[in-house]
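K.L.:
Please see the structure below; I have some questions.
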Amino acid sequence: MLQPSPWRADFPALATLQGQRQTYLDSAATSQKPQALLDALLSYYSQGAANVHRAQHLPGALATEAFERTRDALAAWLNAASAQQIVFTHGATSALNLLAYGLEHGFQAGDEIAVSALEHHANLLPWQQLAKRRGLTLVILPITEQGQIDVDAALQLIGPRTRLVAVSQLSNVLGTWQPLGPLLAHARAQGALTVVDGAQGVVHGRPDLQQLGCDFYVLSSHKLYGPDGVGVLYGRAQALAHVRHWQFGGEMVHLAEYQQASFRHAPLGLEAGTPPIAGVIGLGATLDYLVGLDSAAVALHEARLHERLLQGLNERRGIRVLGAPQAALASFVVEGVHNADIAHVLTEQGIAVRAGHHCAMPLMNSLGLNGAIRVSLALYNDSDDLQRFFDALDQGLELLR
(Lines give C-alpha, C1' and ligand atoms only; values in the text may rest on other atoms or scores of the structure.)
Protein backbone atom coordinates (compact mmCIF):
# COMPACT_ATOMS: atom_id res chain seq x y z
CA MET A 1 0.00 0.00 0.00
CA LEU A 2 1.42 3.38 -1.02
CA GLN A 3 1.92 5.93 1.73
CA PRO A 4 0.74 9.53 1.33
CA SER A 5 3.35 11.93 0.02
CA PRO A 6 5.18 13.48 3.00
CA TRP A 7 5.98 16.52 0.83
CA ARG A 8 2.46 17.32 -0.33
CA ALA A 9 1.89 19.91 2.40
CA ASP A 10 4.88 21.89 1.12
CA PHE A 11 2.89 22.82 -2.01
CA PRO A 12 0.02 25.12 -1.00
CA ALA A 13 -1.66 25.15 -4.42
CA LEU A 14 -2.57 21.50 -4.02
CA ALA A 15 -4.89 22.32 -1.12
CA THR A 16 -6.56 24.95 -3.29
CA LEU A 17 -6.91 22.52 -6.16
CA GLN A 18 -8.40 19.89 -3.88
CA GLY A 19 -10.85 22.52 -2.66
CA GLN A 20 -11.92 22.78 -6.29
CA ARG A 21 -11.94 18.96 -6.55
CA GLN A 22 -9.00 18.98 -8.95
CA THR A 23 -6.37 16.24 -9.12
CA TYR A 24 -3.18 17.45 -10.77
CA LEU A 25 -1.42 14.88 -12.95
CA ASP A 26 0.27 17.15 -15.50
CA SER A 27 3.60 17.95 -13.86
CA ALA A 28 5.60 17.09 -16.98
CA ALA A 29 4.05 20.21 -18.52
CA THR A 30 4.63 22.37 -15.46
CA SER A 31 4.93 21.61 -11.77
CA GLN A 32 3.27 23.08 -8.71
CA LYS A 33 5.42 25.28 -6.48
CA PRO A 34 6.71 24.83 -2.92
CA GLN A 35 6.09 27.41 -0.20
CA ALA A 36 9.83 28.12 -0.12
CA LEU A 37 9.62 29.53 -3.64
CA LEU A 38 6.58 31.67 -2.84
CA ASP A 39 8.34 33.07 0.23
CA ALA A 40 11.43 33.96 -1.81
CA LEU A 41 9.42 35.79 -4.47
CA LEU A 42 7.47 37.74 -1.88
CA SER A 43 10.66 38.65 -0.05
CA TYR A 44 12.39 39.93 -3.17
CA TYR A 45 9.47 42.07 -4.30
CA SER A 46 8.41 43.32 -0.89
CA GLN A 47 11.84 44.15 0.52
CA GLY A 48 13.08 46.06 -2.49
CA ALA A 49 13.46 44.94 -6.10
CA ALA A 50 16.58 46.06 -7.95
CA ASN A 51 18.57 45.24 -11.05
CA VAL A 52 21.66 43.05 -10.83
CA HIS A 53 25.35 43.50 -11.65
CA ARG A 54 25.15 47.25 -12.22
CA ALA A 55 23.69 49.16 -9.25
CA GLN A 56 25.97 50.36 -6.44
CA HIS A 57 23.22 50.73 -3.86
CA LEU A 58 22.22 48.22 -1.19
CA PRO A 59 19.10 46.77 -2.91
CA GLY A 60 21.17 46.17 -6.04
CA ALA A 61 23.94 44.51 -4.07
CA LEU A 62 21.48 42.24 -2.27
CA ALA A 63 19.74 41.29 -5.51
CA THR A 64 23.06 40.53 -7.21
CA GLU A 65 24.20 38.42 -4.27
CA ALA A 66 20.98 36.37 -4.29
CA PHE A 67 21.07 36.05 -8.09
CA GLU A 68 24.64 34.78 -8.14
CA ARG A 69 23.96 32.50 -5.19
CA THR A 70 21.53 30.64 -7.45
CA ARG A 71 24.24 30.25 -10.08
CA ASP A 72 26.49 28.71 -7.44
CA ALA A 73 23.67 26.44 -6.23
CA LEU A 74 22.99 25.22 -9.77
CA ALA A 75 26.65 24.47 -10.36
CA ALA A 76 26.67 22.37 -7.19
CA TRP A 77 23.35 20.70 -8.05
CA LEU A 78 24.54 19.74 -11.54
CA ASN A 79 28.15 19.06 -10.48
CA ALA A 80 29.47 21.59 -12.96
CA ALA A 81 33.15 22.36 -12.69
CA SER A 82 32.46 26.07 -12.23
CA ALA A 83 29.55 28.44 -11.68
CA GLN A 84 30.82 30.30 -14.76
CA GLN A 85 29.48 27.39 -16.83
CA ILE A 86 25.89 28.27 -15.85
CA VAL A 87 24.02 30.69 -18.15
CA PHE A 88 20.53 31.92 -17.29
CA THR A 89 17.97 32.06 -20.09
CA HIS A 90 14.20 32.45 -20.29
CA GLY A 91 13.56 28.70 -20.61
CA ALA A 92 14.96 25.48 -22.06
CA THR A 93 13.57 26.48 -25.46
CA SER A 94 15.36 29.81 -25.19
CA ALA A 95 18.59 28.01 -24.28
CA LEU A 96 18.36 25.70 -27.29
CA ASN A 97 17.67 28.59 -29.65
CA LEU A 98 20.62 30.44 -28.14
CA LEU A 99 22.81 27.49 -29.06
CA ALA A 100 21.37 27.14 -32.55
CA TYR A 101 22.18 30.78 -33.34
CA GLY A 102 25.33 31.06 -31.25
CA LEU A 103 26.94 28.00 -32.86
CA GLU A 104 25.75 28.66 -36.42
CA HIS A 105 29.07 30.12 -37.55
CA GLY A 106 30.74 26.75 -37.01
CA PHE A 107 28.69 24.93 -39.65
CA GLN A 108 29.11 24.76 -43.41
CA ALA A 109 27.00 23.27 -46.18
CA GLY A 110 27.05 19.47 -46.12
CA ASP A 111 27.63 19.17 -42.38
CA GLU A 112 25.21 17.00 -40.40
CA ILE A 113 23.19 17.52 -37.22
CA ALA A 114 21.74 14.42 -35.55
CA VAL A 115 18.61 14.44 -33.40
CA SER A 116 16.48 11.57 -32.21
CA ALA A 117 13.02 10.65 -33.48
CA LEU A 118 11.43 11.34 -30.09
CA GLU A 119 12.53 14.93 -29.51
CA HIS A 120 10.32 17.68 -28.14
CA HIS A 121 9.80 20.44 -30.69
CA ALA A 122 12.15 22.63 -28.64
CA ASN A 123 15.04 20.24 -29.37
CA LEU A 124 14.06 19.66 -32.99
CA LEU A 125 12.94 22.92 -34.58
CA PRO A 126 15.99 25.09 -33.72
CA TRP A 127 18.25 22.49 -35.37
CA GLN A 128 15.83 21.97 -38.26
CA GLN A 129 15.81 25.69 -39.00
CA LEU A 130 19.59 25.94 -38.60
CA ALA A 131 19.95 23.14 -41.15
CA LYS A 132 17.73 25.06 -43.58
CA ARG A 133 19.69 28.30 -43.11
CA ARG A 134 23.09 26.72 -43.63
CA GLY A 135 22.40 23.90 -46.07
CA LEU A 136 22.99 21.15 -43.53
CA THR A 137 21.65 17.62 -43.36
CA LEU A 138 19.37 16.83 -40.42
CA VAL A 139 19.81 13.16 -39.50
CA ILE A 140 17.07 11.45 -37.48
CA LEU A 141 18.21 8.75 -35.06
CA PRO A 142 15.56 5.99 -34.92
CA ILE A 143 14.05 4.59 -31.74
CA THR A 144 13.18 1.08 -30.63
CA GLU A 145 9.69 -0.21 -29.89
CA GLN A 146 10.45 0.31 -26.21
CA GLY A 147 10.95 4.04 -26.82
CA GLN A 148 14.71 4.40 -26.58
CA ILE A 149 17.16 5.61 -29.19
CA ASP A 150 18.43 2.62 -31.16
CA VAL A 151 22.09 2.71 -30.21
CA ASP A 152 23.33 0.38 -32.95
CA ALA A 153 21.58 2.40 -35.64
CA ALA A 154 22.69 5.69 -34.10
CA LEU A 155 26.34 4.67 -34.06
CA GLN A 156 26.11 4.01 -37.79
CA LEU A 157 24.46 7.36 -38.49
CA ILE A 158 26.76 9.55 -36.38
CA GLY A 159 29.89 9.85 -38.46
CA PRO A 160 32.73 12.17 -39.49
CA ARG A 161 30.37 14.71 -41.06
CA THR A 162 28.31 14.97 -37.87
CA ARG A 163 28.98 18.30 -36.21
CA LEU A 164 26.36 18.21 -33.44
CA VAL A 165 24.17 15.62 -31.71
CA ALA A 166 21.10 16.82 -29.74
CA VAL A 167 19.10 14.31 -27.69
CA SER A 168 16.73 14.21 -24.73
CA GLN A 169 17.67 12.68 -21.42
CA LEU A 170 14.13 11.52 -20.56
CA SER A 171 11.35 11.43 -23.17
CA ASN A 172 8.44 13.72 -22.34
CA VAL A 173 6.06 11.40 -24.24
CA LEU A 174 7.35 7.88 -23.62
CA GLY A 175 8.90 8.31 -20.17
CA THR A 176 12.05 6.47 -21.22
CA TRP A 177 15.60 7.23 -20.14
CA GLN A 178 17.84 7.49 -23.17
CA PRO A 179 21.16 5.62 -23.55
CA LEU A 180 23.27 8.76 -23.40
CA GLY A 181 26.55 7.13 -22.39
CA PRO A 182 27.40 5.34 -25.65
CA LEU A 183 25.79 8.05 -27.79
CA LEU A 184 27.75 10.91 -26.27
CA ALA A 185 31.00 8.95 -26.24
CA HIS A 186 30.65 8.09 -29.93
CA ALA A 187 29.72 11.65 -30.84
CA ARG A 188 32.79 12.98 -29.01
CA ALA A 189 34.98 10.47 -30.86
CA GLN A 190 33.63 11.86 -34.13
CA GLY A 191 34.41 15.42 -33.04
CA ALA A 192 30.77 16.44 -32.71
CA LEU A 193 29.35 18.79 -30.10
CA THR A 194 26.69 17.24 -27.86
CA VAL A 195 23.51 18.84 -26.50
CA VAL A 196 21.28 17.15 -23.90
CA ASP A 197 17.73 18.32 -23.26
CA GLY A 198 17.36 17.70 -19.54
CA ALA A 199 13.99 19.41 -19.07
CA GLN A 200 12.35 16.18 -17.89
CA GLY A 201 15.36 14.24 -16.67
CA VAL A 202 16.61 16.82 -14.18
CA VAL A 203 13.34 16.57 -12.25
CA HIS A 204 13.62 12.85 -11.57
CA GLY A 205 17.29 12.32 -10.94
CA ARG A 206 20.06 14.71 -10.04
CA PRO A 207 22.48 14.66 -13.00
CA ASP A 208 26.25 14.65 -12.68
CA LEU A 209 27.26 16.67 -15.73
CA GLN A 210 30.98 16.08 -15.38
CA GLN A 211 30.31 12.35 -15.43
CA LEU A 212 27.71 12.63 -18.21
CA GLY A 213 30.26 14.38 -20.38
CA CYS A 214 27.97 16.43 -22.66
CA ASP A 215 29.06 19.79 -24.05
CA PHE A 216 25.74 21.48 -23.28
CA TYR A 217 22.78 20.68 -21.03
CA VAL A 218 19.54 22.66 -20.78
CA LEU A 219 16.69 22.66 -18.28
CA SER A 220 13.52 24.57 -17.42
CA SER A 221 12.89 25.97 -13.96
CA HIS A 222 9.11 25.62 -14.15
CA LYS A 223 9.30 21.84 -14.47
CA LEU A 224 11.77 21.64 -11.55
CA TYR A 225 9.22 23.09 -9.09
CA GLY A 226 10.59 26.58 -9.77
CA PRO A 227 9.12 29.72 -11.36
CA ASP A 228 8.39 30.04 -15.05
CA GLY A 229 10.31 32.32 -17.39
CA VAL A 230 13.68 30.91 -16.28
CA GLY A 231 15.89 28.41 -18.04
CA VAL A 232 19.43 27.18 -17.58
CA LEU A 233 22.15 26.48 -20.11
CA TYR A 234 25.18 24.58 -18.88
CA GLY A 235 28.21 24.43 -21.11
CA ARG A 236 31.72 23.07 -20.79
CA ALA A 237 34.14 25.99 -20.72
CA GLN A 238 35.69 25.05 -24.07
CA ALA A 239 32.26 24.58 -25.64
CA LEU A 240 30.88 27.88 -24.32
CA ALA A 241 33.88 29.64 -25.87
CA HIS A 242 32.52 28.64 -29.30
CA VAL A 243 29.10 30.23 -28.68
CA ARG A 244 28.87 33.66 -30.26
CA HIS A 245 26.81 36.44 -28.77
CA TRP A 246 23.33 36.37 -30.24
CA GLN A 247 21.56 39.17 -28.34
CA PHE A 248 23.07 42.51 -27.49
CA GLY A 249 22.64 45.16 -24.83
CA GLY A 250 22.83 45.59 -21.10
CA GLU A 251 25.45 44.05 -18.89
CA MET A 252 26.83 41.73 -21.59
CA VAL A 253 28.76 44.72 -22.98
CA HIS A 254 32.40 45.14 -22.01
CA LEU A 255 33.07 48.36 -23.95
CA ALA A 256 30.74 50.21 -26.32
CA GLU A 257 31.51 52.99 -28.80
CA TYR A 258 29.35 54.37 -31.60
CA GLN A 259 30.94 52.27 -34.32
CA GLN A 260 32.15 49.21 -32.42
CA ALA A 261 31.83 47.29 -29.18
CA SER A 262 33.40 44.41 -27.25
CA PHE A 263 31.52 41.92 -25.15
CA ARG A 264 31.94 39.86 -22.00
CA HIS A 265 32.61 36.15 -22.00
CA ALA A 266 30.01 33.66 -20.76
CA PRO A 267 28.01 33.57 -18.63
CA LEU A 268 27.26 37.32 -18.49
CA GLY A 269 28.09 37.73 -22.17
CA LEU A 270 25.15 35.47 -23.04
CA GLU A 271 22.71 37.17 -20.64
CA ALA A 272 21.80 40.33 -22.56
CA GLY A 273 19.42 42.81 -20.94
CA THR A 274 17.71 42.53 -17.61
CA PRO A 275 17.47 38.84 -16.67
CA PRO A 276 14.49 37.23 -14.91
CA ILE A 277 15.85 38.33 -11.53
CA ALA A 278 12.99 37.29 -9.27
CA GLY A 279 12.67 33.99 -11.10
CA VAL A 280 16.35 33.17 -10.74
CA ILE A 281 16.26 34.03 -7.03
CA GLY A 282 13.12 31.91 -6.69
CA LEU A 283 14.83 29.01 -8.45
CA GLY A 284 17.61 29.28 -5.90
CA ALA A 285 15.09 28.93 -3.08
CA THR A 286 13.57 25.93 -4.84
CA LEU A 287 16.97 24.27 -5.12
CA ASP A 288 17.55 24.85 -1.41
CA TYR A 289 14.23 23.11 -0.76
CA LEU A 290 15.11 20.16 -3.00
CA VAL A 291 18.57 19.77 -1.48
CA GLY A 292 16.92 19.45 1.92
CA LEU A 293 14.81 16.46 0.85
CA ASP A 294 15.73 12.81 1.24
CA SER A 295 16.46 12.12 -2.43
CA ALA A 296 16.38 8.35 -1.97
CA ALA A 297 12.93 8.58 -0.35
CA VAL A 298 11.69 10.81 -3.18
CA ALA A 299 12.98 8.39 -5.81
CA LEU A 300 11.36 5.42 -4.07
CA HIS A 301 8.03 7.24 -3.71
CA GLU A 302 8.00 8.23 -7.40
CA ALA A 303 9.00 4.73 -8.49
CA ARG A 304 6.14 3.15 -6.51
CA LEU A 305 3.65 5.64 -7.91
CA HIS A 306 4.87 4.97 -11.43
CA GLU A 307 4.59 1.21 -10.93
CA ARG A 308 1.01 1.60 -9.70
CA LEU A 309 0.16 3.84 -12.66
CA LEU A 310 1.46 1.32 -15.20
CA GLN A 311 -0.21 -1.58 -13.40
CA GLY A 312 -3.58 0.16 -13.45
CA LEU A 313 -3.34 1.12 -17.12
CA ASN A 314 -2.28 -2.35 -18.20
CA GLU A 315 -5.15 -3.94 -16.26
CA ARG A 316 -7.76 -2.06 -18.29
CA ARG A 317 -9.10 -3.47 -21.54
CA GLY A 318 -8.37 -1.59 -24.73
CA ILE A 319 -5.64 0.65 -23.31
CA ARG A 320 -2.25 0.67 -24.99
CA VAL A 321 0.65 2.28 -23.17
CA LEU A 322 3.17 3.84 -25.56
CA GLY A 323 6.66 2.40 -25.33
CA ALA A 324 7.99 1.02 -22.06
CA PRO A 325 7.88 3.96 -19.59
CA GLN A 326 10.58 3.96 -16.94
CA ALA A 327 9.99 7.09 -14.92
CA ALA A 328 7.42 9.62 -13.82
CA LEU A 329 4.93 9.47 -16.68
CA ALA A 330 3.01 7.28 -19.10
CA SER A 331 1.22 8.08 -22.33
CA PHE A 332 -1.59 5.89 -23.59
CA VAL A 333 -4.31 5.52 -26.18
CA VAL A 334 -7.66 3.76 -25.95
CA GLU A 335 -8.85 1.61 -28.82
CA GLY A 336 -11.72 3.27 -30.66
CA VAL A 337 -11.74 6.41 -28.50
CA HIS A 338 -10.20 9.78 -29.36
CA ASN A 339 -7.72 11.13 -26.82
CA ALA A 340 -9.48 14.51 -26.73
CA ASP A 341 -12.73 12.84 -25.71
CA ILE A 342 -11.00 11.02 -22.87
CA ALA A 343 -9.37 14.24 -21.70
CA HIS A 344 -12.76 15.97 -21.76
CA VAL A 345 -14.50 13.44 -19.54
CA LEU A 346 -11.52 13.37 -17.17
CA THR A 347 -11.53 17.16 -16.95
CA GLU A 348 -15.24 17.15 -16.13
CA GLN A 349 -14.42 14.90 -13.18
CA GLY A 350 -11.59 17.13 -11.95
CA ILE A 351 -8.62 15.17 -13.30
CA ALA A 352 -5.88 17.27 -14.90
CA VAL A 353 -3.95 15.28 -17.51
CA ARG A 354 -2.50 16.21 -20.88
CA ALA A 355 -3.95 15.22 -24.25
CA GLY A 356 -2.57 15.74 -27.75
CA HIS A 357 0.82 15.43 -29.40
CA HIS A 358 2.80 16.78 -26.40
CA CYS A 359 4.96 19.03 -28.61
CA ALA A 360 6.30 15.94 -30.39
CA MET A 361 4.23 15.81 -33.56
CA PRO A 362 6.82 13.92 -35.67
CA LEU A 363 7.01 11.19 -33.02
CA MET A 364 3.22 10.88 -32.91
CA ASN A 365 3.07 10.74 -36.70
CA SER A 366 5.69 7.99 -36.76
CA LEU A 367 3.53 6.02 -34.31
CA GLY A 368 0.49 6.51 -36.52
CA LEU A 369 -1.29 8.55 -33.85
CA ASN A 370 -2.93 11.95 -33.73
CA GLY A 371 -2.27 12.22 -30.01
CA ALA A 372 -2.36 10.44 -26.67
CA ILE A 373 -3.25 10.95 -23.03
CA ARG A 374 -0.30 11.61 -20.73
CA VAL A 375 -0.34 11.16 -16.97
CA SER A 376 2.73 12.64 -15.29
CA LEU A 377 3.71 12.39 -11.66
CA ALA A 378 5.64 14.46 -9.15
CA LEU A 379 6.89 14.02 -5.61
CA TYR A 380 3.69 15.59 -4.23
CA ASN A 381 1.34 13.05 -5.85
CA ASP A 382 0.05 10.06 -3.90
CA SER A 383 -2.05 6.92 -4.22
CA ASP A 384 -5.28 8.88 -3.68
CA ASP A 385 -4.50 10.92 -6.81
CA LEU A 386 -4.11 7.74 -8.82
CA GLN A 387 -7.26 6.20 -7.39
CA ARG A 388 -9.28 9.27 -8.35
CA PHE A 389 -7.75 9.14 -11.81
CA PHE A 390 -8.60 5.47 -12.33
CA ASP A 391 -12.15 5.93 -11.01
CA ALA A 392 -12.69 8.81 -13.41
CA LEU A 393 -11.08 6.90 -16.28
CA ASP A 394 -13.34 3.89 -15.71
CA GLN A 395 -16.43 6.08 -15.72
CA GLY A 396 -15.23 7.86 -18.83
CA LEU A 397 -14.50 4.65 -20.71
CA GLU A 398 -17.90 3.27 -19.80
CA LEU A 399 -19.49 6.39 -21.25
CA LEU A 400 -17.40 6.59 -24.43
CA ARG A 401 -17.31 2.95 -25.49
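K.L.:
Has the range 190-202 got any residue that is touching a strand residue (DSSP E or B) at 6+ places or on another chain (Cβ under 7 Å), more than 21 Å from residue 363 (Cα to Cα) and surrounded by fewer than 20 Cβ atoms within 10 Å (Cβ to Cβ)?
P.N.:
Checked against the condition, which is being touching a strand residue (DSSP E or B) at 6+ places or on another chain (Cβ under 7 Å), more than 21 Å from residue 363 (Cα to Cα) and surrounded by fewer than 20 Cβ atoms within 10 Å (Cβ to Cβ), the range 190-202 yields at least one hit.
K.L.:
Inspect the range 201-209 for any residue being modelled with pLDDT of 95 or more, in contact with a helix residue (DSSP H, G or I) (Cβ under 8 Å, 6 or more places away or on another chain) and closer than 24 Å to residue 65 by Cα and give the result as yes or no.
P.N.:
Within the range 201-209, none of the residues are modelled with pLDDT of 95 or more, in contact with a helix residue (DSSP H, G or I) (Cβ under 8 Å, 6 or more places away or on another chain) and closer than 24 Å to residue 65 by Cα.
K.L.:
Which of the helices (runs of 4 or more DSSP H) contained wholly in the range 6-124 include at least 1 residues that are assigned by TED's automatic domain parsing to the domain that holds residue 283?
P.N.:
On the way: elements: 12-19, 35-46, 58-78, 92-102.
Passing ranges, in order: 35-46, 58-78, 92-102.
Residues are listed down the side, and each one gets a yes or a no for (1) more than 30 Å from residue 323 (Cα to Cα); (2) of a type in the set (A, V, I, L, M):
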{"site": "182", "(1), (2)": "no, no"}
{"site": "217", "(1), (2)": "no, no"}
{"site": "223", "(1), (2)": "no, no"}
{"site": "226", "(1), (2)": "no, no"}
{"site": "254", "(1), (2)": "yes, no"}
{"site": "259", "(1), (2)": "yes, no"}
{"site": "270", "(1), (2)": "yes, yes"}
{"site": "283", "(1), (2)": "yes, yes"}
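K.L.:
Got a number for residues in the range 268-282 being surrounded by 18 or more Cβ atoms within 10 Å (Cβ to Cβ), touching a residue at least 40 places away in the same chain (Cβ under 8 Å) and farther than 20 Å from residue 378 by Cβ?
P.N.:
Here the count works out to 9.
K.L.:
Collect the residues in the range 250-264 that are part of a loop (DSSP other than H, G, I, E, B) and surrounded by 15 or more Cβ atoms within 10 Å (Cβ to Cβ), keeping them in residue-number order.
P.N.:
Across the range 250-264, the qualifying residue is only 264.
K.L.:
Determine, yes or no, whether residue 285 is in contact (Cβ under 8 Å) with a residue 60 or more places away in the chain, part of a helix (DSSP H, G or I), touching a Phe, Trp or Tyr at 6+ places or on another chain (Cβ under 6 Å) and not hydroxyl-bearing (Ser, Thr, Tyr).
P.N.:
Values: in contact (Cβ under 8 Å) with a residue 60 or more places away in the chain: yes; part of a helix (DSSP H, G or I): yes; touching a Phe, Trp or Tyr at 6+ places or on another chain (Cβ under 6 Å): no; not hydroxyl-bearing (Ser, Thr, Tyr): yes.
In short, no.
K.L.:
Take the residues in the range 186-230 that are in a strand (DSSP E or B) and in contact (Cβ under 8 Å) with a residue 40 or more places away in the chain, then tell me which one is farthest from residue 29 (Cα to Cα).
P.N.:
Ranking the qualifying residues of the range 186-230, first place goes to 193.
K.L.:
What about residue 18, is it without any contact (Cβ under 8 Å) to a residue 24 or more places away in the chain, under 28 Å from residue 381 (Cα atoms) and not β-branched (Val, Ile, Thr)?
P.N.:
Taking the combined requirement at face value, the residue satisfies it.
K.L.:
What is the residue count in the range 47-104 for residues that are surrounded by fewer than 18 Cβ atoms within 10 Å (Cβ to Cβ), under 30 Å from residue 120 (Cβ atoms) and of a type in the set (A, V, I, L, M)?
P.N.:
Summing the residues that are surrounded by fewer than 18 Cβ atoms within 10 Å (Cβ to Cβ), under 30 Å from residue 120 (Cβ atoms) and of a type in the set (A, V, I, L, M) in the range 47-104 gives 3.
K.L.:
Can you pull out every residue in the range 231-249 that is out of contact with any Phe, Trp or Tyr (no Cβ under 7 Å at 6 or more places or on another chain) and either within 24 Å of residue 287 (Cα to Cα) or assigned to a helix (DSSP H, G or I) (or both)? Walk me through it before giving the result.
P.N.:
The first filter runs over the range 231-249 and keeps only residues out of contact with any Phe, Trp or Tyr (no Cβ under 7 Å at 6 or more places or on another chain), leaving 231, 236-238, 240-244, 247-249.
Result: 231, 236, 237, 238, 240.
K.L.:
Look through the range 145-168, keep the residues that are of a type in the set (S, T, N, Q) and within 24 Å of residue 125 (Cβ to Cβ), and return whichever of them is surrounded by the most Cβ atoms within 10 Å (Cβ to Cβ).
P.N.:
The extreme case among them is 168.
K.L.:
Among the listed residues 242, 301, identify the single one that is in contact (Cβ under 8 Å) with a residue 40 or more places away in the chain and either under 30 Å from residue 386 (Cα atoms) or β-branched (Val, Ile, Thr) (or both). Working first, answer last.
P.N.:
On the way: 242 fails: either under 30 Å from residue 386 (Cα atoms) or β-branched (Val, Ile, Thr) (or both).
The conditions single out 301.
K.L.:
Oh, and also: If you scan the range 135-161, which residues turn out to be β-branched (Val, Ile, Thr) and closer than 21 Å to residue 364 by Cβ?
P.N.:
Within the range 135-161, 139, 140, 143, 144, 149 meet the criteria.
K.L.:
On the phi > 0 side of the Ramachandran plot and not assigned by TED's automatic domain parsing to the domain that holds residue 327: is that true of residue 175 in this structure?
P.N.:
Taking the combined requirement at face value, the residue satisfies it.
The values are calculated or read from the model by the stated rules, or taken from the named source; none is laboratory data. For clarity, every value in this text was computed on a predicted model and none was experimentally measured. Here the Cβ is made from the backbone with ideal geometry for all residues, glycine too, and neighbour counts use every protein chain on show.
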